[in-house]
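The values are calculated or read from the model by the stated rules, or taken from the named source; none is laboratory data. This is a predicted model, so every value here is computed, not measured. Here the Cβ positions follow ideal geometry from the backbone for every residue, glycine too, while neighbour counts run over all protein chains shown. Heavy atoms of the whole protein, side chains included, go into the accessibility calculation; ligands, DNA and RNA do not. Shrake-Rupley method; radii C 1.70, N 1.55, O 1.52, S 1.80 Å.
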Amino acid sequence: MGRDYRALDLGAYCNVDVEHYQRLAEQHTGSDLEERLEPPVGRQRFRGLPMQIGLVSGKGDCFIAPGLLENQVLHEVPVGRKVMGVIVAHVLLGTDLWEGAPFGREVARYLFHSADDTTVDVPIRERLEIGNIPLPWGQYPLLCVPDRPSLMMDQHVGAFVDAGFRQAEIRPSSPAAYFLWFWRNPRPDIPLRSISIIARMQGLIIAGITLSHVPEDPLRPRTRRTARILVDTASDATTTTPIEVRIDRGLVTYPQPLPPLPLDEGLPGYPGWGALASDGGSSAYVDIAALPSAIVTVSRDRSVLGRARWKDIEAGGHATSGPVRIELIDPGRNWVQVTVVDEATGQPVPCRIAFQTPEGVPYAPHGHHSHVYSGLQNWNVDVGGDVKLGQVTYAYIDGTCEGWLPRGPVIVDVARGFEYEPLRVRTTIVPGQRDLRLSIGRWVDMNASGWYSGDTHVHFLSGQGALREAAGEDLNVVNLLQAQWAHMFANTEDFTGQALQSADRRHMVWVSQENREHILGHLGLLGLKRPVMPWSAGGPGEGELGGAVETTTSRWADAAHAQGAMVVLSHFPTPNAEAPVLVATGRADAVEMFNQLAYEHIEYYRYLNDGYRLPLVAGTDKMSSSVPVGLFRTYVQLGPDSAFTFDAWSDGIRAGRTFITSGPMIRLTVDGEAIGSTLHVRAGATVEVDCEATSILPMHSLQLVSRGKVIDEVGGVAPARTLRLQATVRIDGPTWLAARCGGPGYEPLGHFDQHRRGIMAHTSPVYVATGAEYDLRDRATSDYMLSLVSAGREYLRSASPQYPAGTVTHKHGRRDHLAYLEEPFIEAEQRIRARRS
């Protein structure tokens, strides 16, 4: 590297020190300098280029200030060698651009004297060849650059105040103290004898001069190119630790993992629904914008694995160093307009889409992210419009998008909810191509038969963003919930108390809220016209630090019901201290499942077995871009002749006409009666059960459940897209029947969202009565409920945080706050005991 650039020692010509620099920098009004500048001195590297500022020790005079006297000619700085060019680190101090300093004023003239007695005279002009400090935003010079380049932000460490910048990834270049200007020698075959300077203005500081011996512009890296980094696992076995890539003269993006196989050649996953993520230990890609002389360094755990010069990689297409192979995989690119149409109508259809090269490099539509939040977890920084499923990042589009696509083979992945057949296709982009047209088709239309889908639990999207994503997922209803996490309140500005609807009226977003207490439980209050406050209680992580239990989930439910809203037990049964209170007193309108886990079903079946009618709903609890809205959704059958409205959808839930799904469409009838119905038969009679599941995603098992037990099942080891079960069931007493489908043995196969949720579906029950009324009892459940109610009361009295009596006036206005909190628990206890008598 020493042969490429050589820093001149200007120590003999320096005539001012660091304090002089600082005084000049402070000689202006309206300064935006927050602290005194500490210009770097001694041996330095700016943008990978060596520079010596004053003496190596950095002591004494460090700068040349030829402008102390106007038009002063500095004694010539000898060079005496052939050079391709000269880099000058300089700056203009003491002027204030906020006061309208003229653009292009001549600051100095630099004279480059060749050995043949010819001279090149170059004017140095303000905001062209030289920049000012302080530097107001947007007033960058045009023909020179700051001494510090743009930098990728540290992915894992940084100041709290920088959190908002993380999505940008890059911290733009800004001067530490100088600007770098490059003079390209028009006659590099003739030795450059010396350089002299004529000052035209005071305030000029020359910090350093470096000679270039390579045919490149050291301040203008080439545009970015994509490179694949391969690490030989036989030589480097620690493949689970991500690699690190650095470059000295340029910019390199974060390494992102590449899959072991192309997306369409056996990579575990489903078309349109992501793929298993790679750890990036042995294969990753980066984008590099660099000088030809730059050195690319690949490391792991701070141990260097290999190095290569960028010009060698570009010249040969690849380079190998130790266990590392660096390959260019940049075939060129076209700006392409993409249209995805519904094959039935020929019109653009909202969907989500992803483009990848066979190597796995993503090309996101313009305005979208190839890696949401740099590929890191992004709780509460969900940017909207993008979602990541394992190895694949999708963009939500309205049916059209545009942006760069690589020339050659491109794998396109398209999906639109569960009612469209997803698309995964390999196409080829040829030079000159500017358009790409794709089509997807609907295999079932649930709306046509009166079923409307919804996600009961979504966070952190904007209202309009949620509407866009709902259309892309063919989801009819999004319940976007404002909520509190300690000192943070989310989606406050989105609350309107009414539905936000798409132009075609097929998709709606209702911003309501999730109210939360970490022991008592979480409630989804759906369809609120007014907020129910406080949103959270009990201290972190729900309420504020040191906060008290100001209310109960029962009181929140009462407030919601008072305005006609619906109360859902969120991600049932966690937390669940007050769940039996809400169920026993009729305050819970539905139970929300969050996943396909045994304890969720056990708890749900327990309440059904004691005769409680609890409609089943599903929500994603989406809090990041690693979860698609509607991945776990509720289908609701509207009433006869009902138009699609939020009220009609809510009424369908209350009536129990629901099934939940993460893929399959499931149907159940009992003697012809649909989900949510109550069927009356005599004890000992038989009923005919018909259930069917169809899916774009593989299933293995369809089961019929009665009183929590599987009483019939079809399926096997091989995956299926259609399963049907018909059975004759003897009814010996009141019971309930529900259908469910999923993976082998009803174990999840797994989506590629952050929770790895299973591919499954589950209906709400059909209730079967053997008397005039549906009257099912289970003493074990009532005992369980009473024990929880008692424990909840004990928590309120003995363990819950409370303000000292007499120090606060609560919202309810009553003197005995604990009595207020306990009342719903006492009511529940009385009702449970009454049912047992």
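Quick look at the values:
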quantity: Conditions (1) among the β-branched types (V, I, T); (2) under 40 Å from the mean Cα position of the chain (by Cα); (3) open to solvent by 30 Å² or more (accessible area, probe 1.4 Å); (4) under 24 Å from H518 (Cα atoms); number of the one not met by V789; calculated: (3)
quantity: Qualifying residue in region 151-162 (condition: in contact with a strand residue (DSSP E or B) (Cβ under 9 Å, 6 or more places away or on another chain) and modelled with pLDDT of 95 or more); calculated: no
quantity: Unique match (being at pLDDT 95 or above, farther than 25 Å from E592 by Cβ and among the acidic types (D, E)) among E473, E421; calculated: E421
quantity: Scope region 376-400; condition over 25 Å from N491 (Cβ atoms), open to solvent by 20 Å² or more (accessible area, probe 1.4 Å) and either modelled with pLDDT under 95 or of a type outside the set (S, T, N, Q) (or both); matching residues; calculated: Q391
quantity: Residue ID - least open to solvent (accessible area, probe 1.4 Å), chosen from residues in region 107-150 that are among the charged types (D, E, K, R) and not in a loop (DSSP other than H, G, I, E, B); calculated: E126
quantity: Residue list for region 386-404, filter: more than 19 Å from Y373 (Cβ to Cβ) and not in a strand (DSSP E or B); calculated: D398, G399
quantity: Selection status of R516, at pLDDT 95 or above, crowded, with 22+ Cβ neighbours inside 10 Å and either under 27 Å from Q754 (Cβ atoms) or not polar (S, T, N, Q) (or both); calculated: yes
quantity: Number of the condition not met by A284 [criteria: (1) surrounded by fewer than 20 Cβ atoms within 10 Å (Cβ to Cβ); (2) free of Cβ contacts under 8 Å to residues at least 60 places away in the same chain; (3) within 28 Å of D753 (Cβ to Cβ); (4) not hydroxyl-bearing (S, T, Y)]; calculated: (1)
quantity: Candidates I675, I653, I666, I696, filtered to the one that is under 20 Å from V583 (Cα atoms), surrounded by 20 or more Cβ atoms within 10 Å (Cβ to Cβ) and either in contact with a strand residue (DSSP E or B) (Cβ under 7 Å, 6 or more places away or on another chain) or not hydrophobic (A, V, I, L, M, F, W, C) (or both); calculated: I653
quantity: Residue within region 315-325 that is at pLDDT 95 or above, over 24 Å from L291 (Cα atoms), small (G, A, S) and touching a strand residue (DSSP E or B) at 6+ places or on another chain (Cβ under 8 Å) present; calculated: no
quantity: Residue within region 183-192 that is hydrophobic (A, V, I, L, M, F, W, C), assigned to a loop (DSSP other than H, G, I, E, B), modelled with pLDDT of 90 or more and over 37 Å from the mean Cα position of the chain (by Cα) present; calculated: yes
quantity: Test result for G750, open to solvent by less than 10 Å² (accessible area, probe 1.4 Å), part of a helix (DSSP H, G or I) and of a type outside the set (A, V, I, L, M, F, W, C); calculated: no
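Here's the yes/no breakdown for (1) at pLDDT 95 or above; (2) open to solvent by 10 Å² or more (accessible area, probe 1.4 Å); (3) closer than 23 Å to E517 by Cβ; (4) not in a loop (DSSP other than H, G, I, E, B):
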| site | (1), (2), (3), (4) |
| --- | --- |
| E542 | no, yes, yes, no |
| G564 | yes, yes, no, no |
| V591 | yes, no, yes, yes |
| Y599 | no, yes, yes, yes |
| L614 | yes, no, yes, no |
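Residue-wise test of (1) in contact (Cβ under 8 Å) with a residue 40 or more places away in the chain; (2) open to solvent by 70 Å² or more (accessible area, probe 1.4 Å); (3) among the polar types (S, T, N, Q); (4) part of a strand (DSSP E or B).
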| site | (1), (2), (3), (4) |
| --- | --- |
| T427 | no, no, yes, yes |
| Q433 | yes, no, yes, no |
| L436 | yes, no, no, yes |
| A448 | no, yes, no, no |
| G454 | yes, no, no, yes |
| G465 | yes, no, no, no |
| E469 | yes, no, no, no |
| Q484 | yes, no, yes, yes |
